Amino acid sequence: MNRVQSLGAFILLPWIAVPTVAPETSPTFEDQVVDLSWAFDEQTVYWPTAKSFELEVVASGQTEGGFWYAANNISLAEHGGTHVDAPVHFGEGKRSVDEIPVEQLIGPAAVIDVRAQAAANPDYRLRVEDIQEWEHAHGRIPEGAIVLMRSGWGSRWPDKKAYLGTDVPGDVDNLHFPGFSAEAADFLLSRRAIDAIGVDTPSIDYGQSKNFTVHRILSEANVPGLENVAHLDRLPQAGATVLAMPMKIRGGSGAPARIIAFLP
């Protein structure tokens, strides 16, 4: 059974009656799903040089015909809020967001917890040793995994100063937040068969990065990144299944995404 079939079976399971379990103790579908996405609104955090989210109300109210009608226009940068980075973001000729295979955005979650390290150092970069410690506790990272760094930065959302390190538009010199190290990214791609990585921070590269090495390593391998992933504190370190669905923008270097996880 492949991962898409497995996910389909998982989704159906909550609706199958299990006679041996009392109804009052049976988990509901809602209990087994975690929304890992921040809502898009005027508080959404964007890169200091990027266009922020704007919603223009076109209509909102009762029509002359006596029924309710609402419609809006939206404007936003590809990269901001909870979103997917396509490989073409830093890789010439690599996949755009509409070309990422759907199955590459569905997989077992390996949640690597570096909250203690990030609390001590806002510029912390997840190390190969962190991956090895995770594997010592949970076994080898499974094939097709989506590896997620849990730094605790989600607790700072949407305070731009706390989350980015700066709340000054255009200021990219004072960005401070954790990310992956180049060594960890290379290890996951060359030694483990992962499908994506993700972070609960603005970027898979740490805030002070100037050459975006992790982005470039992933892009070269046609591997997407997930950024500003929400509520990672609600996931176990192993056993969950992640589904990340970006807006299908033809030629897009990235796109807003609704990311969810199914708990074991």
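Picking from residues in region 254-264 that are among the hydrophobic types (A, V, I, L, M, F, W, C) and surrounded by fewer than 19 Cβ atoms within 10 Å (Cβ to Cβ), the one that is nearest to Phe53 (Cα to Cα) is Ile260. Checked across region 196-210, the condition of being open to solvent by less than 10 Å² (accessible area, probe 1.4 Å), assigned to a helix (DSSP H, G or I) and either small (Gly, Ala, Ser) or out of contact with any strand residue (DSSP E or B) (no Cβ under 7 Å at 6 or more places or on another chain) (or both) holds for no residue.
Screening the candidates Gly170, Gly179 for the property of being of a type in the set (Gly, Ala, Ser) and open to solvent by 10 Å² or more (accessible area, probe 1.4 Å) yields one hit, Gly170.
Evaluation of Leu218 against the conditions (1) in a loop (DSSP other than H, G, I, E, B); (2) in contact with a Pro (Cβ under 8 Å, 6 or more places away or on another chain); (3) of a type in the set (A, V, I, L, M) shows that the sole unmet condition is (1). Here Gly251 fits the description: open to solvent by 10 Å² or more (accessible area, probe 1.4 Å), out of contact with any helix residue (DSSP H, G or I) (no Cβ under 6 Å at 6 or more places or on another chain), within 22 Å of Leu76 (Cβ to Cβ) and modelled with pLDDT of 95 or more. Reported count of residues in region 104-130, each being free of Cβ contacts under 8 Å to residues at least 60 places away in the same chain and either among the polar types (S, T, N, Q) or in contact with a Leu (Cβ under 8 Å, 6 or more places away or on another chain) (or both), is 1.
When only residues in region 65-103 that are among the charged types (D, E, K, R) and touching a residue at least 12 places away in the same chain (Cβ under 8 Å) count, which is surrounded by the most Cβ atoms within 10 Å (Cβ to Cβ)? Ranking the qualifying residues of region 65-103, first place goes to Asp85.
Taking (1) of a type in the set (Val, Ile, Thr); (2) open to solvent by 80 Å² or more (accessible area, probe 1.4 Å); (3) in contact with an Asp or Glu (Cβ under 8 Å, 6 or more places away or on another chain) in turn, Val57 satisfies each apart from (3). Of all residues in region 232-248 being surrounded by fewer than 17 Cβ atoms within 10 Å (Cβ to Cβ) and in a loop (DSSP other than H, G, I, E, B), which is nearest to the chain's Cα centre (by Cα)? Here the answer is Met247.
Listed by position, the helices (runs of 4 or more DSSP H) enclosed by region 109-194 that each have at least 1 residues that are over 23 Å from Val45 (Cα atoms) are 115-120, 128-138, 182-190.
Filtered by the rule that a residue be more than 21 Å from the chain's Cα centre (by Cα) and surrounded by 16 or more Cβ atoms within 10 Å (Cβ to Cβ), region 111-161 gives a lone residue, His138.
The values are calculated or read from the model by the stated rules, or taken from the named source; none is laboratory data. All values reported here derive from a predicted model rather than from experimental measurement. So basically every Cβ, Gly included, is an ideal-geometry build from the backbone, and we count neighbours across all protein chains shown. These accessible areas exclude ligands, DNA and RNA; they are computed on the full protein's heavy atoms, side chains included. Shrake-Rupley method; radii C 1.70, N 1.55, O 1.52, S 1.80 Å.
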